[in-house]
Amino acid sequence: MKRPLRFKKHPFLFFWRIFYNAMRHFIAENGSAFASYITLSGMMAFFPFLIFATGMAGFVGAKFYTETSLNYILDMLPEALVQPIGAEITNVLTMQHGGLLTVSALAAAYFASNGVESLRTALNRAYRVHDKRSIFFCRFQSLFFVILGTISFVIISLLLVLAPLVLLLLQREIGSLAPYLGTIRFWRYFISIIVLLIGLFITHKWLPAGKRSFFDILPGISFTFVTWLVVSVAFAQYLAGFANYVSTYAGLASIVVAMVFLYMLSAVFIIGGEINAAIMFYRNRRQQPGQPIEANSREEHV
């Protein structure tokens with residue numbers, strides 16, 4: 001029987017086998033199709049979430065802060081992604097919605113939860129698990145995440161708007177802080193990064209079936225975050241220097257650009273889960289090297 005590779009002795013071969021296992025399972029389980037599923041579901045869930053979020057913000061008297069912070073967030077996204085949906089986002093923000101607990105708001109929350117369900121389905125495949133939880137539990141969990149995301153969005157909105165005012169007051173009262181405010185002004189990016197990492201952690205930890213520790217999901221989260229940054233910069237440069245979607249897709253060019261970008265992010269997100277699953281499977285094989293693999297197991301040899 002082959003002895004398992006040790007990380008310290010064969011680090012490159014270890015990483016290669018992990019990545020090979022992850023990509024092999026990604027292809028075998030039609031990961032590209034699930035990336036398309038997440039892209040479409042995300043596009044369709046975004047505006048219902050925005051309607052519900054602005055309705056809740058108006059309910060608690062924070063609608064102005066939400067509009068301002070959303071503009072800050074959009075400024076940090078690639079222009080190719082913001083351009084096709086920017087006008088519609090403005091329409092949603094300026095439109096008067098009913099009360100928070102109206103039928104339309106509840107319907108918006110339900111349809112927004114479809115985006116969460118697409119992430120759950122893709123991660124269950126990536127982690128190679130069969131979700132036996134009740135469909136009602138999963139749906140209510142998705143709705144809870146939508147509401148939690150909305151509350152977080154309102155809180156972050158307050159922070160994004162109030163932070164510059166606090167910094168300005170500190171600069172006036174304590175002049176010695178002035179040399180350090182140049183770095184503090186990166187608070188907008190810092191908050192966005194922290195929120196993104198927390199969102200990835202919650203998604204990998206609780207959405208798919210099964211139990212995983214923080215260290216089980218850390219490699220995939222790290223891979224996803226770093227690769228998302230690289231993809232965002234590379235895709236923006238590609239659009240600026242080479243791509244000519246207008247001649248190919250005419251009036252649909254902006255929508256196609258947004259969907260291609262979201263598709264790449266979705267594929268990276270799924271591969272992050274695949275990497276976590278491959279590492280967990282390899283570690284379990286090392287702990288029980290003599291354990292045979294069941295015939296109906298979906299896991300593969302690393």
Order these peptides, 218-224, 24-30, by their mean beta-carbon neighbour count within 10 angstrom, highest first.
218-224, 24-30
With 10 angstrom as the radius, rank VAL256, VAL146 by how many other C-beta atoms surround their C-beta, starting from the fewest.
VAL256, VAL146
What's the exposure ranking of THR121, THR54, going from fewest to most Cβ atoms within 10 Å?
THR121, THR54
Mean Cβ count within 10 Å, highest first, over the residues of peptides 265-271, 128-134
265-271, 128-134
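FYI, it's all coordinate maths here, none of it is from the lab. Worth saying up front: this structure is predicted, and the values here are computed from it rather than measured. Using ideal geometry, Cβ is built from the backbone for each residue, glycine included, and neighbour counts are taken over all protein chains shown.
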